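Visitor: This is the structure I want to talk about, given as structure tokens.
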Amino acid sequence: QVQLVESGGGLVQPGGSLRLSCAASGSIFSINDMGWYRRAPGKERELVATITSGGRPNYADVVKGRFTISRNNARNTVYLEMNSLEPADTAVYYCNMVQGLRNFWGQGTQVTVSS
């Protein structure tokens, strides 16, 4: 079993920045994909960004150029640096790990972009 704990959410003004962190613990293999998804009010959960254990990132088009995903394998942690935030980025952000055939999720952290 794997546990994922997110941190770093909060309230930020449009144009501002936030950095999310997700620490994984438990039975972690050396090869896995980690990532971030989000669910905005009234919408389905959507992909934000993922990163392989080798460090290859993948981004949703709506965040390309504004968000950067990274990971520290030694610390089993994934990060999401979010810049130029817009009100449309307001959502609960969930950390995800895909390991083998199993999918793990964190509890989520709220990000609110508002003036």
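The values are calculated or read from the model by the stated rules, or taken from the named source; none is laboratory data. Keep in mind that what you see is a predicted model, and the values were worked out from it rather than measured. FYI the Cβ positions are ideal-geometry reconstructions off the backbone, even for glycines, and counts take in every protein chain you see. Heads up: the accessible areas ignore ligands, DNA and RNA and are worked out on the full protein's heavy atoms, side chains in. Shrake-Rupley method; radii C 1.70, N 1.55, O 1.52, S 1.80 Å.
Visitor: Restricting the first residue to the range 14-36 and requiring it to be closer than 19 Å to LEU85 by Cα, which pairs with a second residue that is aromatic (Phe, Trp, Tyr) and open to solvent by less than 30 Å² (accessible area, probe 1.4 Å) meet a Cβ separation below 9 Å and a spacing of at least six or different chains?
Guide: LEU20/TRP36; LEU20/TYR93; TRP36/PHE67; TRP36/TYR93
Visitor: Can you name the residue in the range 48-103 that is open to solvent by 70 Å² or more (accessible area, probe 1.4 Å) and of a type in the set (Asp, Glu) and is also farthest from GLY9 (Cα to Cα) among such residues?
Guide: For the range 48-103, the residue satisfying everything is ASP61.
Visitor: Same structure again: Tell me, which residue of the range 38-58 that is at pLDDT 95 or above and closer than 13 Å to ASP89 by Cβ is farthest from the chain's Cα centre (by Cα)?
Guide: Step by step, filter the range 38-58, then rank; the result is LYS43.
Visitor: Looking at SER30, SER25, SER21, can you tell me which residue is part of a strand (DSSP E or B), at pLDDT below 95 and farther than 20 Å from SER115 by Cα? Don't jump to the end; show me each part of the working.
Guide: Details: SER30 fails: part of a strand (DSSP E or B); SER21 fails: at pLDDT below 95.
Unique residue meeting the criteria: SER25.
This table checks each residue for (1) surrounded by 12 or more Cβ atoms within 10 Å (Cβ to Cβ); (2) out of contact with any Gly (no Cβ under 7 Å at 6 or more places or on another chain); (3) of a type in the set (Phe, Trp, Tyr).
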| residue | (1), (2), (3) |
| --- | --- |
| GLN1 | no, no, no |
| ASP33 | yes, yes, no |
| GLY42 | no, yes, no |
| GLU46 | yes, yes, no |
